[in-house]
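As structure tokens, the structure follows; a few thoughts come after it.
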Amino acid sequence: MAWSPLWCPLEMEDKKTGEFSGYIRSIFDEISRITGIKFNYVKYKTTEEALSLILQKKVDIISLYEGNSISAKQNDLYITNPIISLPVQIIKKNTVSNHTKKVGVVHSQKTYNPISGISNYDLVRYSSVQDALDAVKKDEISFLITNTYTAHYYLQNYKYSNLYGITLQENPIDLKVCISNLLPEELTLIFNKALSNIE
């Protein structure tokens, strides 16, 4: 299974062991307990890398997948029901000295997809949330688009005390489990049933 620390705090790398940890890991531990399925975890850095891993048959599952059923079908992949739904949040600076028509996104996350009104902005991709937040601080971009979980996690850091988040109520990001078509399609039903039994 492919996972990414860029979904922090949902998916994190344990500082001591380097292993996959966080909320989503606990969900998969519970799925494993319910179904008897054992997972081996592989870290990835971008959505493109994760899709490459699954299409090259190097992994069987992507833990968090933003795409819809159409994009999954185009890649001959199966997806489950949403594992979690995340409100979108934009992060801005309290005072902007140099307004720019640029908006930041993180490589691993396509959270800009459901946002209306950003067609007049140029998208700038960053390899990490920290790099994007630093760009907001330096007025290199007008704001960063992410999700509420990630925003809350980083905005607790004093380093970003001059930044704030605005939660958008429409078009939340539904994250699903993505499964290779080399596995039986019935596995999606097994995952869905297990997810419905996790509180």
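Only one entry of L175, L182 meets the criterion of being modelled with pLDDT under 95 and open to solvent by less than 30 Å² (accessible area, probe 1.4 Å), and that entry is L175. Give the number of residues within segment 123-146 that are more than 24 Å from E11 (Cβ to Cβ) and open to solvent by less than 10 Å² (accessible area, probe 1.4 Å). Number of matching residues: 1.
For segment 78-97, filtered to residues that are of a type in the set (A, V, I, L, M, F, W, C) and buried (at least 16 other Cβ atoms within 10 Å of the Cβ), the residue that is nearest to P184 (Cα to Cα) is I79. Among the residues making up segment 7-25, those that are aliphatic (A, V, I, L, M) and in contact with a strand residue (DSSP E or B) (Cβ under 6 Å, 6 or more places away or on another chain) are M12, I24.
So for segment 59-74 (the condition being in contact (Cβ under 8 Å) with a residue 12 or more places away in the chain and surrounded by fewer than 16 Cβ atoms within 10 Å (Cβ to Cβ)), does at least one residue qualify? No - not one qualifying residue is present in segment 59-74.
Restricting attention to segment 32-50 and to residues that are in a loop (DSSP other than H, G, I, E, B) and not polar (S, T, N, Q), the residue that is surrounded by the fewest Cβ atoms within 10 Å (Cβ to Cβ) turns out to be K38. D29 meets all of the listed conditions (1) touching a His at 6+ places or on another chain (Cβ under 9 Å); (2) open to solvent by 50 Å² or more (accessible area, probe 1.4 Å); (3) not in a loop (DSSP other than H, G, I, E, B) but one, namely (1).
Return the residues of segment 1-26 that are part of a helix (DSSP H, G or I), surrounded by fewer than 13 Cβ atoms within 10 Å (Cβ to Cβ) and either touching a residue at least 60 places away in the same chain (Cβ under 8 Å) or among the acidic types (D, E) (or both); say none if nothing qualifies. Listed by number, the list is empty, since nothing qualifies.
The values are calculated or read from the model by the stated rules, or taken from the named source; none is laboratory data. Remember, it's a predicted structure, so these values are computed and weren't measured experimentally. Note that each Cβ is placed from the backbone with ideal geometry, even for glycine, and that neighbours are counted across all protein chains shown. All accessible areas refer to the heavy atoms of the entire protein, side chains included, with ligands and DNA or RNA removed. Shrake-Rupley method; radii C 1.70, N 1.55, O 1.52, S 1.80 Å.
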